[in-house]
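The structure appears right after this line, and notes come after that.
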Amino acid sequence: MKKDSLGKIILSEDLIARRIEELAVQLNQDFKDKEVILVSILKSSLYFMTDLSRKLDFPVKLDFLELNHYADQDNSGIIRVTRDLEFSIAGKEVLIIENIIRTGLTHSYLLKNLGSRNPKNISICTLLHINENKLLDLPVQYTGFEIEDNFVVGYGLDYQEKYRNLPYIAKLKENPQL
Amino acid sequence: MQIITISRQTASGGEEIAAELANRLGLKLIDRNFVLENWLPEVADEHQLHMLEQSSKFYTKILNPDAEKKEQLSFADYIAQRLKKEAEKNNLLILGLGAQIIFKKHPYTLHFKIVASEEYRVNELKQKYGLHQEEAARELELADRKHRRYVWRIHKQDWEETTLYHLTLNRDGLNLEESLSVLMTLVDLKKENPKPLEDNIDIKSENIESESQRNFGHESEKEFAKILDMHHIKWEYEPSEFPLEWDPEGNVVMAFRPDFYLTEHDTYVELTTMKRKYTTEKNKKVRLLQQLYPHIKIKIVYKKDFEQLADKFELNGSED
């Protein structure tokens, strides 16, 4: 797929940067003097993590978690951690950095998995949040943008591994999921 | 109910792990002391209790010799019986007691063994009890022998057999927090697909039967159940029916049974992936349900949403 399959830019580089500044102000206030483990969900939240974390002035440790769906015999599959955290989060303040929350399914698994490791507290900060028709309503403490349910790429989000490195977020001209 | 058994070499720190794991996972901890203090006094007199504290052989003694032959129980049988009964109503963490064998075929059990090198264990004993090197080594040898004998006498199994355990953890390279993290991750993973160690044919065929016998009304419901399983989300299929309309005599004339109930999220889900005329009918029922039962959380998954979900998990799936 070429770049001309890209549709309208819905969030420009500048707009994303400004919103991240605002989020950082809020986080700096809420987590003042706390030591926080930032957990970035690979790969999509990589850029969001690097841009956001550099604006934070409370002590942070950076960690990464990668999830994947494994197929089993009857092709039903199961979500699994394929790259686990480096640090123990027991008794620690954890802030999950996610790029997009769409159905709430992965979010639910994350909270269950990380929650079982007994952290002091888990909050979630997502750049994009699709609110309509969300299957599970779970608490999201920090949201960059509420967007409509479109297939979007860029700034970490991909279509078949492409477009992650775009500095902005755009729709695909044709939603490949429809 | 969920059961975790922990066997440990003396001075490998198994007690500490057991106590902390039970605490973090909210499991009731049962160990030999608990049994000696709470269960055995119900069937043993003072002398017998003293013997039970001292000798593993005494556990094979019959506690009710006056009873009929088939009613007779050894102290070990009694403990096994009480453990099984307790496991029906509580989530348990059992330390020692041969529980890895008693619950070998139980599908919701995980068996862990905690070991450490002799050097590690001797050091532990030296530090804890101020023993000399040789005393500590001797102490270890005796205690290990006692453990092995107990399991052999009662269950005719070699305690050292590694396949009795899902996981054996060596404390030499793992501190408490790391050990707990490993164990808790496995506990988390096995929650959704428990499997006993020994392939039990009866349990297996039962499972297959119940899966294939689950009569989903529609193929999409089966697919949706798979997506939920994939995300470790607990669900029930059509568990409740909500009356929506009544005739003047109070008989229910219209009711609605949502497809799924997500137990941990207290949310009902209705799939509307059928033809349009059914969708309109369903929408009407959902609206009525929301009016009559405003405290009930219900989500509708439309054809488009469902297809996106189904495609997504074939397509890429690493993101939400």
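Nothing in this text is a laboratory measurement; each read-out follows from the coordinates by a stated rule. If you're wondering where the values come from, they're calculated on a predicted model, not measured in any experiment. Backbone-built Cβ (ideal geometry, glycine too); neighbour counts: all protein chains shown.
For this structure, a couple of remarks:
- An oblate overall shape is assigned to chain A, the ratio a/c of its alpha-carbon gyration tensor axes (a ≥ b ≥ c) being 1.5 or greater and a/b not exceeding b/c.
- The protein assembly as shown, dipole about Cα centre (Lys/Arg Cβ +1, Asp/Glu Cβ -1), debye to the nearest 20: 460 debye
- Other protein chain C-beta atoms within 10 Å of residue C-beta, averaged over B:21-31: 1.
- Sequence-distant aspartates and glutamates (8 or more away, or on other chains) whose Cα lies within less than 12 Å of B:Lys61: B:Asp77
- Entries of B:Lys85/B:Lys222; A:Lys55/A:Lys173; B:Lys222/B:Lys299; A:Lys34/A:Lys162 with Cα pairs more than 29 Å apart: B:Lys85/B:Lys222; A:Lys55/A:Lys173; A:Lys34/A:Lys162
- Each of B:Asp31, A:Asp33, A:Asp84 has some number of other Cβ atoms within 10 Å of its Cβ, and from fewest to most they run A:Asp33, A:Asp84, B:Asp31.
- Size of charge dipole - chain B - debye, nearest 20, with Cβ of Lys, Arg +1 and Asp, Glu -1, no other charges: 360 debye
- Percent of beta bridges antiparallel (DSSP, chain B, rounded to nearest 5): 30 percent
- Cα pair distances of the protein assembly as shown binned at 20 Å [whole percent]: 19, 42, 30, 9, 0
- Across chain B, C-alpha contacts under 8 Å between residues 6 or more apart give a mean separation that, scaled by the residue count, equals a relative contact order of 16 percent.
- Filter on B:Lys70/B:Lys105; A:Lys32/B:Lys128; A:Lys43/B:Lys28; A:Lys43/B:Lys113; A:Lys171/B:Lys297; B:Lys234/B:Lys304 - keep pairs with C-alpha separation over 30 Å: A:Lys32/B:Lys128; A:Lys43/B:Lys28; A:Lys43/B:Lys113; A:Lys171/B:Lys297
- Derived scalar couplings ³J(HN,Hα) [segment B:45-60; Karplus, 6.51 cos²θ - 1.76 cosθ + 1.60; whole Hz; x for Gly, Pro]: 8, 4, 4, 4, 4, 4, 5, 5, 5, 8, 10, 6, 4, 4, 5, 8
- The DSSP beta bridges internal to the protein assembly as shown are antiparallel in roughly 30% of cases.
- Structure-based [θ]222 nm, the protein assembly as shown - -39500 (n - 2.57) summed over DSSP H runs of at least 4, per residue, nearest 500: -11500 deg cm²/dmol
- For A:Ile124, distant residues with modelled amide H under 5 Å away: A:Ile96, A:Gln141, A:Tyr142
- Rounded if a/c under 1.5, otherwise prolate or oblate - segment B:43-100, Cα gyration tensor axes: oblate
- Relative contact order %, segment B:215-315, counting alpha carbon pairs below 8 Å whose residues are six or more apart: 23 percent
- Positive-end residue, the protein assembly as shown charge dipole about Cα centroid, Cβ charges, pick of B:Ile101, B:Gly13, B:Leu183: B:Leu183
- For segment A:35-46, Karplus couplings with θ = phi - 60° (6.51, -1.76, 1.60), whole Hz, Gly/Pro x: 9, 10, 9, 8, 10, 8, 8, 6, 8, 5, 9, 4
- Amide hydrogen proximity for B:Leu167: with H placed 1.01 Å from N in the peptide plane, the residues at 5 or more positions away or on another chain lying under 5 Å are B:His111, B:Lys113.
- Longest DSSP-loop-exposure-free segment, GluC sites (Glu not before Pro), chain A, at most 12 other Cβ within 10 Å: A:36-85
- Long-range amide H partners of B:Gln157 with built H, under 5 Å: B:Trp152
- Using C-alpha pairs under 8 Å with a sequence gap of at least 6, the mean separation divided by the residue count of chain A gives a relative contact order of 25 percent.
- Cα-only Debye scattering, segment B:215-315: base-10 log of I(q)/I(0) at q = 0.11 Å⁻¹: -0.35
- Hz values of 3J(HN,Hα) by residue in segment B:160-174 - Karplus curve (6.51, -1.76, 1.60), Gly and Pro given as x: 7, 4, 5, 6, 6, 10, 5, 8, 10, 10, 9, 6, 4, x, 10
- Expressed in units of 2.2 N^0.38 Å, where N is the residue count, the Cα radius of gyration of segment B:3-203 is 1.05.
- Charge dipole of segment B:215-315 (Cα centre as origin; +1 on each Lys and Arg Cβ, -1 on each Asp and Glu Cβ, all else neutral): 440 debye, rounded to the nearest 20.
- The distance from the alpha carbon centre of segment A:1-56 to that of segment A:91-150 is 14 Å, rounded to a whole number.
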